[in-house]
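**Student:** The following block contains the structure, expressed as structure tokens.
The values are calculated or read from the model by the stated rules, or taken from the named source; none is laboratory data. The model shown is predicted, which means the values in this text are computed figures rather than measured ones. Here the Cβ is made from the backbone with ideal geometry for all residues, glycine too, and neighbour counts use every protein chain on show. SASA here: full protein model, heavy atoms, side chains in, ligands and nucleic acids out. Shrake-Rupley method; radii C 1.70, N 1.55, O 1.52, S 1.80 Å.
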Amino acid sequence: MALVSYAQRLTALAAADPDRTSITCGNVSLTRRMLDVEAERLAYDLVERGVTPGRLVTIALPNGLAWFVAFAACWKIGAIPQPVSARIPARELEAIVEVADPAVVIGVPPDALPGRSVLPVTHRPAGRPTAAPLPDVVSPAWKAPTSGGSTGRPKIIVSGDPSLLDTDAAPLLGMRPDGCLVMPGPLYHNGPLIWSWHALLHGNHVAVLPRFDAEQTLAAIARYRADVVYLVPTMMKRIWRLPPEVRDGYDLSSLRVVWHLAEPCPEWLKQAWLDWLGPDRIYELYGGTEGQLSTVIRGDEWLAHRGSVGRPTSGQITIRDEDGAVLGPGAQGEVWLRSDRDTAPYHYLGAEARTRDGGWESLGDMGWLDSDGYLYLGDRRSDMILTGGSNVYPAEVEAALQEHPAVQSCAVVGLPDEDKGNAVHALVQADPDVVTAADLAAFLADRLLPYKVPRTFEFVTGDLRDEAGKVRRSALREERLARRAGGPVHSAG
């Protein structure tokens, strides 16, 4: 085992092949040397602004070269990069910053957070000062992404892994040294973050899209001869729905591994991709940002275990009923996970884990195991909505809706949607003559990220919550599914 810091690894890669392209986004690129130099320049700037080892640095930058530079700069001074969406509403950013207490926030206007040290998107640090070289340091956590949280308050998931790489170990995730990854997903999400940096730290070229586009994803694979691509099923649907002459007009022969994760993949869509590209190239992964466990299944395995998300490659699974009793093969219950590591894979800021004795934790999923130990997922135990590969917590949307003066009570559920898997649907106790669906959507747009804003609104006259303020979202959802063709549902668009 040969452990080196991420900072040292990036410098070593730059020294070995300084002119090799490291990152491409749109029509601009960074070589390995440029990435290392730019990261060091920003690192000095952050030190001057009071960033010290172990402190979080919130990064609110869009997909692009600067996002990678900011991450690498944090590692060069032992800080912890904490990514959020570049489109995050001010209210949500304020809540995250309250929990994270970052030393600096990168990517927001100067007056966005009074009393906080902030750097705007346009900030470019001055040249390297005449100071001593930066010492080689290790960040105690290499990342700290966020999640909305079931309470409507944000939570930060701080990795249990420091910024250390074993250079003797082979790359994971089907990658090879000096390959190419195409990344069409938003970098602040955990999956794109992991895949992109794992690729870069193993010498790969990462071609990241400014934002997802179905045809441009295929074009990038063909142009850069990518051997790995990261997708979510919503992306897969949109690629598959391209005209056949467009979809088949790009040379994808370089692809060895097509990853999909983050949301359930419909069987028809999975089968279509298996038939198109071949089962030996399609891989699915299941696991949480927390990292207690991951399962993986390749296409040929999936054909023998249709609907499964695979068997554990790390960690352990047990299925339990509501009383905590372990269930046998084929019986559906709550999915409980346990890390097999010697150290904790994560810790929360702003939340508490759902745990059982023996180190078991739950992410709120329901499912079952077959006799061969393959996991199959059912509905979520919690009310979290998975839409287009992103998590939406109803409590967060409801809290924002409740701020509107015309809203007396509300509840948010997910309803099946062909494009995104689920669509966010809001039930609102309010007079539609006073406030319209468009009014509510506009109101929420200032408070929530676009994918969290309900696509449809349903106005009701009765209370949606009991005297204790509780709401049975699962029952409300089932009622809507039972009468899907009827009912006063109003589109926000």
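**Student:** If you check Glu396 against the conditions, is it within 28 Å of Val232 (Cβ to Cβ), modelled with pLDDT under 90 and in contact with a helix residue (DSSP H, G or I) (Cβ under 8 Å, 6 or more places away or on another chain)? Lay out the reasoning, then the answer.
**Tutor:** Details: within 28 Å of Val232 (Cβ to Cβ): yes; modelled with pLDDT under 90: yes; in contact with a helix residue (DSSP H, G or I) (Cβ under 8 Å, 6 or more places away or on another chain): yes.
For Glu396, the condition - within 28 Å of Val232 (Cβ to Cβ), modelled with pLDDT under 90 and in contact with a helix residue (DSSP H, G or I) (Cβ under 8 Å, 6 or more places away or on another chain) - is met.
**Student:** With respect to Trp273, is the statement that it is open to solvent by less than 30 Å² (accessible area, probe 1.4 Å) and either under 25 Å from Leu218 (Cα atoms) or part of a strand (DSSP E or B) (or both) true? Spell out how you get there, then give the answer.
**Tutor:** Details: open to solvent by less than 30 Å² (accessible area, probe 1.4 Å): yes; either under 25 Å from Leu218 (Cα atoms) or part of a strand (DSSP E or B) (or both): yes.
Here the answer is yes, as Trp273 does meet what is asked.
**Student:** Test Pro102 against the stated conditions and say whether it is touching a helix residue (DSSP H, G or I) at 6+ places or on another chain (Cβ under 6 Å), surrounded by 24 or more Cβ atoms within 10 Å (Cβ to Cβ) and either in contact (Cβ under 8 Å) with a residue 40 or more places away in the chain or under 20 Å from Leu193 (Cα atoms) (or both). I'd like the intermediate steps shown before the answer.
**Tutor:** Numbers: touching a helix residue (DSSP H, G or I) at 6+ places or on another chain (Cβ under 6 Å): no; surrounded by 24 or more Cβ atoms within 10 Å (Cβ to Cβ): yes; either in contact (Cβ under 8 Å) with a residue 40 or more places away in the chain or under 20 Å from Leu193 (Cα atoms) (or both): yes.
So Pro102 fails the test.
**Student:** For segment 426-449, how many residues are farther than 23 Å from Ser147 by Cβ and outside any strand (DSSP E or B)?
**Tutor:** So the answer is 14.
**Student:** Oh, and also: Please go through segment 248-270 and give me each residue that is among the aliphatic types (A, V, I, L, M) and either part of a helix (DSSP H, G or I) or at pLDDT 95 or above (or both), ordered by number. So that I can check it myself, show each step before the final result.
**Tutor:** Step one: list which residues in segment 248-270 are among the aliphatic types (A, V, I, L, M), which gives 252, 255, 257-258, 261-262, 269.
Answer for segment 248-270, where residues must be among the aliphatic types (A, V, I, L, M) and either part of a helix (DSSP H, G or I) or at pLDDT 95 or above (or both): Leu252, Leu255, Val257, Val258, Leu269.
**Student:** Mind checking which residues of segment 305-320 are modelled with pLDDT of 95 or more, more than 22 Å from the chain's Cα centre (by Cα) and not in a strand (DSSP E or B)?
**Tutor:** His305, Arg306
**Student:** Which residues, taken from segment 228-266, are closer than 22 Å to Ser294 by Cα and not hydrophobic (A, V, I, L, M, F, W, C)? Even if it seems obvious, please write down each step before you answer.
**Tutor:** Pass one, segment 228-266, residues closer than 22 Å to Ser294 by Cα: 228-236, 256-266.
Matches in segment 228-266: Tyr230, Pro233, Thr234, Arg256, His260, Glu263, Pro264, Pro266.
**Student:** Further question: Taking the condition of being assigned to a loop (DSSP other than H, G, I, E, B) and farther than 18 Å from Ala141 by Cα, how many residues in segment 345-365 meet it? Can you show your working first?
**Tutor:** We begin by selecting, within segment 345-365, every residue assigned to a loop (DSSP other than H, G, I, E, B); these are 345, 350-353, 357-359.
Among the residues that remain, those that are also farther than 18 Å from Ala141 by Cα are: 352-353, 357-359.
Summing the residues that are assigned to a loop (DSSP other than H, G, I, E, B) and farther than 18 Å from Ala141 by Cα in segment 345-365 gives 5.
**Student:** Another question, if that's okay. So, of the residues in segment 141-183 that are modelled with pLDDT under 95 and not in a loop (DSSP other than H, G, I, E, B), which turns out to be nearest to Ser29 (Cα to Cα)?
**Tutor:** Among residues in segment 141-183 that are modelled with pLDDT under 95 and not in a loop (DSSP other than H, G, I, E, B), the one nearest to Ser29 (Cα to Cα) is Thr146.
**Student:** Moving to a separate point now. Can you confirm whether Ala70 is within 21 Å of Val4 (Cα to Cα) and either acidic (Asp, Glu) or under 19 Å from the mean Cα position of the chain (by Cα) (or both)?
**Tutor:** Values: within 21 Å of Val4 (Cα to Cα): yes; either acidic (Asp, Glu) or under 19 Å from the mean Cα position of the chain (by Cα) (or both): yes.
The answer is yes for Ala70.
**Student:** Hey, among Gly364, Gly414, Gly378, Gly389, which residue is crowded, with 18+ Cβ neighbours inside 10 Å and modelled with pLDDT under 90? Spell out how you get there, then give the answer.
**Tutor:** Numbers: Gly364 fails: crowded, with 18+ Cβ neighbours inside 10 Å; Gly414 fails: modelled with pLDDT under 90; Gly378 fails: crowded, with 18+ Cβ neighbours inside 10 Å.
Checking each option against the conditions leaves just Gly389.
**Student:** Follow-up question, since we're still on this one. Could you please find all residues in segment 431-454 being in contact with a Gly (Cβ under 9 Å, 6 or more places away or on another chain) and under 12 Å from Val397 (Cα atoms)? If you could, list the steps in order and put the result at the bottom.
**Tutor:** We begin by selecting, within segment 431-454, every residue in contact with a Gly (Cβ under 9 Å, 6 or more places away or on another chain); these are 437-438, 441, 451-452.
Result: Ala441, Tyr451, Lys452.
**Student:** Answer with yes or no whether Pro125 is closer than 26 Å to Ile297 by Cα and either surrounded by 15 or more Cβ atoms within 10 Å (Cβ to Cβ) or among the aliphatic types (A, V, I, L, M) (or both). Walk me through how you get there before you give the answer.
**Tutor:** Details: closer than 26 Å to Ile297 by Cα: no; either surrounded by 15 or more Cβ atoms within 10 Å (Cβ to Cβ) or among the aliphatic types (A, V, I, L, M) (or both): yes.
No: the conditions fail for Pro125.
**Student:** Which one of these does Thr167 not meet: (1) of a type in the set (Ser, Thr, Tyr); (2) over 17 Å from Thr21 (Cβ atoms); (3) in contact (Cβ under 8 Å) with a residue 60 or more places away in the chain; (4) open to solvent by less than 20 Å² (accessible area, probe 1.4 Å)?
**Tutor:** (4)
**Student:** So, one more: Can you tell me which of (1) polar (S, T, N, Q); (2) open to solvent by 80 Å² or more (accessible area, probe 1.4 Å); (3) over 23 Å from Glu478 (Cα atoms) is the one Ser339 doesn't meet?
**Tutor:** With respect to (1) polar (S, T, N, Q); (2) open to solvent by 80 Å² or more (accessible area, probe 1.4 Å); (3) over 23 Å from Glu478 (Cα atoms), Ser339 is out only on (2).
**Student:** Let me ask something else. Is it the case, given these coordinates, that Ala423 is assigned to a strand (DSSP E or B), open to solvent by less than 10 Å² (accessible area, probe 1.4 Å) and either under 19 Å from Val232 (Cβ atoms) or not acidic (Asp, Glu) (or both)? Spell out the reasoning first.
**Tutor:** Numbers: assigned to a strand (DSSP E or B): yes; open to solvent by less than 10 Å² (accessible area, probe 1.4 Å): no; either under 19 Å from Val232 (Cβ atoms) or not acidic (Asp, Glu) (or both): yes.
When the stated conditions are applied, Ala423 does not pass them.
**Student:** Could you identify the single residue in Glu301, Glu322 that is in contact with a Pro (Cβ under 9 Å, 6 or more places away or on another chain), open to solvent by 40 Å² or more (accessible area, probe 1.4 Å) and of a type in the set (Asp, Glu)?
**Tutor:** Working: Glu322 fails: in contact with a Pro (Cβ under 9 Å, 6 or more places away or on another chain).
Sole residue among the options that is in contact with a Pro (Cβ under 9 Å, 6 or more places away or on another chain), open to solvent by 40 Å² or more (accessible area, probe 1.4 Å) and of a type in the set (Asp, Glu): Glu301.
**Student:** Do we find that Val138 is touching a helix residue (DSSP H, G or I) at 6+ places or on another chain (Cβ under 6 Å) and β-branched (Val, Ile, Thr) in this structure? It would help to see each step written out before you state the result.
**Tutor:** Numbers: touching a helix residue (DSSP H, G or I) at 6+ places or on another chain (Cβ under 6 Å): no; β-branched (Val, Ile, Thr): yes.
No.
**Student:** Checking Arg211 against (1) under 30 Å from Glu290 (Cβ atoms); (2) touching a helix residue (DSSP H, G or I) at 6+ places or on another chain (Cβ under 9 Å), which test does it fail?
**Tutor:** Of (1) under 30 Å from Glu290 (Cβ atoms); (2) touching a helix residue (DSSP H, G or I) at 6+ places or on another chain (Cβ under 9 Å), only one is false for Arg211: (2).
**Student:** For segment 276-304, what are the residues that are small (Gly, Ala, Ser), in contact with a strand residue (DSSP E or B) (Cβ under 9 Å, 6 or more places away or on another chain) and part of a helix (DSSP H, G or I)?
**Tutor:** Hit for segment 276-304 is Gly299, nothing else.
**Student:** Tell me, please, whether a residue that is part of a strand (DSSP E or B) and either within 22 Å of the chain's Cα centre (by Cα) or touching a residue at least 12 places away in the same chain (Cβ under 8 Å) (or both) can be found in segment 399-409.
**Tutor:** Step one: of segment 399-409, the residues part of a strand (DSSP E or B) are 409.
Checking the rest, the ones that are also either within 22 Å of the chain's Cα centre (by Cα) or touching a residue at least 12 places away in the same chain (Cβ under 8 Å) (or both) come to 409.
Checked against the condition, which is being part of a strand (DSSP E or B) and either within 22 Å of the chain's Cα centre (by Cα) or touching a residue at least 12 places away in the same chain (Cβ under 8 Å) (or both), segment 399-409 yields at least one hit.
**Student:** From the list Pro120, Pro109, Pro83, Pro135, pick out the single residue that is touching a residue at least 40 places away in the same chain (Cβ under 8 Å) and on the phi < 0 side of the Ramachandran plot. If you could, list the steps in order and put the result at the bottom.
**Tutor:** Working: Pro120 fails: touching a residue at least 40 places away in the same chain (Cβ under 8 Å); Pro109 fails: touching a residue at least 40 places away in the same chain (Cβ under 8 Å); Pro135 fails: touching a residue at least 40 places away in the same chain (Cβ under 8 Å).
Answer to the selection: Pro83.
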